[in-house]
Amino acid sequence: MNIWLHRISHHAEVAYPLLDSGYLSIGYSDFSKPDFIKDCCGENGWQSFEKYFDEIWGERPKTRYNLWRFIAEMKKGDLVVVPSWGIFSIYELTENMAIPVSEIDLSEIKDWHGNKVQRKDDGLLYNSTGDLIDLGFVRKVKIVKKDIPRYEYADSALTSRMKIRSTNANISDLKESIEKALDAFTKGQPLNIHSQIIAKTRQLILDTIIAELTPDKFEALVKWYFERIGASEVYIPSKNESGKEGDADVVAIFEPLKTIIYAQVKFHTGETSSWAIEQIKNYKNLKDSMDDGYSKISWVISSADSFSKECYDFAKEARVQLVDGKQFATMLLEAGILKLDKAL
């Protein structure tokens with residue numbers, strides 16, 4: 001048995017619903033034909049694989065190895081670690097062969113907006129507006145464990161490996177780390193003393209924030225956090241900023257990285273709605289029109305316990321990082337709370 005890392009890197013708005021239906025996906029729709037699987041998994045598999053790339057793309061990019069691993073090296077019974085934002089899930093492959101998307105049942109597959117995925121005569125997938133969804137192949141999987149918090153249950157080796165940029169990789173050398181994560185998650189026992197302290201302390205910090213602060217002071221706390229982690233400049237935009245579309249409550253500039261984080265800050269309890277995403281998305285879109293050489297990232301930081309499902313789905317599509325109350329309390333602990341009183 002091998003263990004693989006495979007990240008969702010193509011059309012997440014459809015790839016994640018497919019995964020929920022038991023299909024792990026990859027791109028390369030140009031090659032999505034039954035003959036491709038038959039030839040590339042046959043006696044002269046690698047030679048056939050290279051020939052297809054020569055004929056269809058006219059080149060052999062390094063990224064082709066991701067597809068080769070997906071269709072030829074992953075086998076029934078192998079485990080697959082799928083990382084996502086702050087979590088990871090573990091699946092088991094249930095079949096030996098990859099399947100072209102033309103051969104799967106789409107009757108239950110909808111994108112994040114609830115729109116049905118379409119299939120045209122070429123066998124490929126299209127969204128409701130007729131645009132191609134570049135997902136060419138799937139592997140049938142079943143869930144082993146889903147949504148394991150990365151911070152509490154992934155040791156340093158597994159955490160580091162989940163940061164690789166490649167779509168997939170063989171991580172069988174981390175078998176012990178993965179078994180340890182599965183066992184700890186099943187028992188509900190975080191892996192290390194640092195994690196246990198965080199887990200037991202962050203609720204106390206969040207309760208104190210809710211009890212003692214106001215919306216303005218919570219914004220000031222977020223501003224202090226960015227200063228604490230090394231932002232070159234942090235400011236709270238004027239509420240009546242000229243020409244403003246959308247809304248950002250805190251702007252943090254990391255000059256050495258040429259990166260700007262726009263944060264929408266919500267101070268309340270319960271659940272945060274998707275309106276926060278709409279506000280920060282529109283604000284970032286306005287700033288993106290400025291060709292200033294900076295990378296721009298959107299966050300929503302909330303004191304609430306959670307975000308609505310609609311909010312999570314919209315955030316994935318809009319590429320907005322969500323931070324709930326417990327996550328922010330954890331971030332404060334990691335940054336260190338020395339001299340916090342002077343900021344509020």
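What about Asp147, is it at positive phi and in contact (Cβ under 8 Å) with a residue 24 or more places away in the chain?
Here the answer is yes, as Asp147 does meet what is asked.
Look through Thr272, Thr201, Thr186, Thr259 and report the one residue that is of a type in the set (Ser, Thr, Tyr), surrounded by 12 or more Cβ atoms within 10 Å (Cβ to Cβ) and farther than 15 Å from Gly325 by Cβ.
One residue alone meets the criteria, Thr259.
For the range 73-91, how many residues are modelled with pLDDT of 95 or more and either part of a loop (DSSP other than H, G, I, E, B) or touching a Gly at 6+ places or on another chain (Cβ under 7 Å) (or both)?
Residues that pass the stated criteria total 5.
What pairs can you find where one residue is in the range 36-48 and without any contact (Cβ under 8 Å) to a residue 60 or more places away in the chain, the other is among the charged types (D, E, K, R), and their Cβ atoms are less than 8 Å apart, with a gap of 6+ or different chains?
Gly45/Asp39; Ser48/Asp39
Return yes or no: is Asp324 outside the structural domain of Asn127 (by TED's automatic domain parsing) and at pLDDT below 90?
no
Which pairs turn up if I take residues in the range 1-23 that are farther than 13 Å from Met162 by Cα and look for partners that are part of a helix (DSSP H, G or I) and at pLDDT below 90 with beta carbon separation below 6 Å, at least 6 apart in sequence or on another chain?
Ala12/Lys316; Glu13/Glu317
Would you tally the residues in the range 42-69 being of a type outside the set (Lys, Arg), farther than 24 Å from Ala15 by Cα and not in a helix (DSSP H, G or I)?
Total satisfying the criteria: 5.
If Phe88 meets every condition in (1) out of contact with any Asp or Glu (no Cβ under 7 Å at 6 or more places or on another chain); (2) of a type outside the set (Gly, Ala, Ser); (3) farther than 20 Å from Asp147 by Cα apart from one, which number is that one?
The single condition Phe88 does not satisfy is (3).
Take residues that are closer than 30 Å to Leu106 by Cα and in the same structural domain as His113 (by TED's automatic domain parsing) and tell me which of the strands (runs of 3 or more DSSP E) falling wholly in the range 126-240 contain 3 or more.
The qualifying strands (runs of 3 or more DSSP E) are 137-149, 168-170.
Could you give me the residue pairs with C-beta distances under 9 Å whose first residue belongs to the range 99-111 and is free of Cβ contacts under 8 Å to residues at least 24 places away in the same chain, whose second residue is of a type in the set (A, V, I, L, M, F, W, C) and part of a loop (DSSP other than H, G, I, E, B) wherever it lies, and which are 6+ apart or on separate chains?
Listed pairs, sorted by first residue: Leu106/Val117.
So which residues in the range 123-164 are farther than 24 Å from Asp78 by Cβ and in contact with a helix residue (DSSP H, G or I) (Cβ under 8 Å, 6 or more places away or on another chain), if there are any at all?
Once the filter is applied, which keeps residues that are farther than 24 Å from Asp78 by Cβ and in contact with a helix residue (DSSP H, G or I) (Cβ under 8 Å, 6 or more places away or on another chain), the range 123-164 yields Gly123, Leu124, Leu125, Asn127, Leu132, Ile133, Asp134, Tyr151, Glu152.
The values are calculated or read from the model by the stated rules, or taken from the named source; none is laboratory data. Being a predicted model, the structure only gives us computed values, none of them experimental. Here the Cβ is made from the backbone with ideal geometry for all residues, glycine too, and neighbour counts use every protein chain on show.
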